[in-house]
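Inspection log for the structure reproduced underneath, given as structure tokens.
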Amino acid sequence: IVDSELPGAKTLGRPDGPRGELTIAGLAWDQGQSNRVGQRVLHWNEISESEFEHEREGLAWVRDNLPENQGFVACSNFTFAGAGVSNEVDLLIAGPTGVFLVELKGHPGRLQADGARWRFNDHGRWRSMKGGNPRHLANTKTKRLLERLRNAGSKRGKVPYMVPLVFFHHDSVD
């Protein structure tokens, strides 16, 4: 995917890697496979560092707990253009059990969800989550990324089935 619609755009990935699998930032998804320039696939690929401390903590937890040598590859913090807007992906994980677009949330305390309204109670004070339902956001980003992959697709490559997930990673989340 080339985000030519964005200023300072760069290649994020393309569905034309060896045997047609998706590549992101020049890395093939298949664990242990070499990409076109002979580089080995990395288990964890930080495309850019998160500007948010809570997000860096959540990413560190996933990085430290994602199984190595079992076919999982993760790419964190990249953007792509879709539906006329820039979409930030906190984490994309591909492995033998599927492809997952993960929205990270570092809210502390007790969570309460009622449809589109999501709130959290931190030290006795209820606050609404910025942006509303994070599942909706993850789902929207997943659909936009899949559309970009379909539009950039090749006859050899298949667009993967992708599942949107929300990961609440704060130690006190309930």
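Values in this text are rule-based calculations from the coordinates and carry no lab data. All figures in this text were calculated on a predicted structure; none of them were measured in a lab. Reconstructed Cβ throughout: ideal geometry from the backbone, glycine too, with neighbour counts over all protein chains shown.
Using R0 = 35 Å, the C-beta based FRET efficiency linking residue 42 and residue 116 works out to 0.40.
Within 10 Å of each candidate Cβ there may be at most 11 other Cβ atoms; applying that plus a DSSP loop requirement, which GluC sites (Glu not before Pro) in region 56-92 survive?
Those satisfying the criteria are 68.
Where in region 125-168 does the label zone of residue 63 land, with the point 7 angstrom along Cα→C-beta and an amide N cut-off under 20 Å? So the set is 167-168. Can you list the residues, at least 5 places off or on another chain, whose amide H is less than 5 Å from the amide H of residue 78, using H built in the peptide plane? The answer is 89. Shown is the FRET efficiency for residue 52 and residue 158, computed with R0 = 35 Å from the Cβ-Cβ distance and rounded to the nearest 0.05: 0.55.
Measuring between their Cα centroids, region 123-168 and region 91-117 lie 9 Å from each other.
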